[in-house]
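Single-structure report; data block below.
The values are calculated or read from the model by the stated rules, or taken from the named source; none is laboratory data. These numbers were taken from a predicted model, which means no experiment stands behind them. Cβ placement follows ideal geometry from the backbone for every residue including glycine, while neighbour counts extend to all protein chains displayed. These area figures cover heavy atoms from the full protein model, side chains too; ligands, DNA and RNA do not enter into them. Shrake-Rupley method; radii C 1.70, N 1.55, O 1.52, S 1.80 Å.
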Amino acid sequence: MSHKENWLEKQFDFDYPASKYIEFLQFLGETPSHLEALVKSLPNEVLIRRDGDSWSIQENIGHFLTSESLFFGRLDDYENNAPVLRPARFEDNPTDKANFNEKNIQWILDEFRTQRGIYIDRLDALEPEDFEKAILHPRLNKPMRLCDMLLFHAEHDQHHLTRIAELKELWQKG
């Protein structure tokens, strides 16, 4: 059972009303609890075990934290009417540099919960029409409304939640 869907090849359909942002916000707000439930009581050796060259459970969780800065920045892009959203950094990856397997899992989870809470609070302060604002996404090369970015962000969360669940199952079998 190998999820290993290539995130960079994923296609997105943004054909829905902007009012769906409320559902995406709810999902994004629940991610810290989903993460905590997935990893509670897992021993450290399971959390930091890698599957070949791919990230460990703990590194996947750390990726939530490092990628949050990209989504904060993109929210700034919407608020500042940027012509193009800032790109993700795939080379010189901050997740790889952070050495999350050397950090305390509870610190990573707590820090992510704090950062995600700040992000959700910023989004909650916006007006419904703000979620209709569109900016060009650099990799997808198509306009992305703020509500679309929230779907993108939720899909990113789901991608890594699924990977963590797969690794958990794999290591608990073995």
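GNM remark for the chain: springs join alpha carbons under 10 Å apart, and the peak mean-square fluctuation among Leu75, Leu150, Leu38 falls on Leu38.
Here the simple spin-label model places points 7 Å from the Cα toward Cβ, and for Arg50 and Ile120 these points are separated by 3.3 nm. Ranking of His159, His153, His34 by solvent-accessible surface, largest first: His34, His159, His153 (1.4 Å probe, protein heavy atoms only, all chains present).
In order along region 92-102, the Karplus-derived 3J(HN,Hα) couplings, from 6.51 cos²θ - 1.76 cosθ + 1.60 at θ = phi - 60°, round to 6, 4, x, 5, 5, 6, 7, 6, 4, 5, 8 Hz, and Gly and Pro are given as x. For region 29-69, the residues whose backbone nitrogen is under 20 Å from a point 7 Å from the Cα of Asp96, taken along Cα to Cβ, are 48-69.
Amide H to amide H, with H built 1.01 Å from N, Arg145 comes under 5 Å of Ile135, counting only residues 5 or more places away or on other chains. Solvent exposure of the chain amounts to 52 Å² per residue of accessible area, where only protein heavy atoms count and the probe is 1.4 Å. I'd like the distance separating the alpha-carbon centroids of region 28-67 and region 133-159, in whole Å. For region 28-67 versus region 133-159, the Cα centre distance is 23 Å. Straightening the chain between Gln172 and Glu129 buys 10.9 nm, computed as 0.36 nm per residue apart minus the Cα-Cα spacing.
For the chain, the relative contact order works out to 38 percent when only alpha carbon pairs closer than 8 Å and six or more residues apart are counted. Over the chain, dividing the summed -39,500 (n - 2.57) contributions of all DSSP H runs of at least 4 residues by the number of residues returns a 222 nm mean residue ellipticity of -18500 deg cm²/dmol.
In sequence order, region 121-135 has phi-based couplings of 4, 4, 5, 5, 7, 7, 8, x, 5, 4, 6, 8, 4, 10, 9 Hz under the Karplus curve 6.51 cos²θ - 1.76 cosθ + 1.60, θ = phi - 60°, and Gly or Pro positions carry x.
As an equivalent ellipsoid, region 121-169 spans semi-axes of 27, 16, 6 angstrom, where each value is the square root of five times an eigenvalue of the C-alpha gyration tensor, largest first.
Overall shape of the chain was characterised from the C-alpha gyration tensor. The equivalent ellipsoid obtained from it has semi-axes of 29, 17, 15 Å, in decreasing order. Normalising the Debye intensity of region 45-126 to I(0), with uniform scatterers on Cα atoms only, and taking log10 at q = 0.11, 0.13, 0.16, 0.19 Å⁻¹ returns -0.36, -0.48, -0.69, -0.88. Per atom type, region 24-174 shows carbon and sulfur on 50% of its accessible surface, probed at 1.4 Å.
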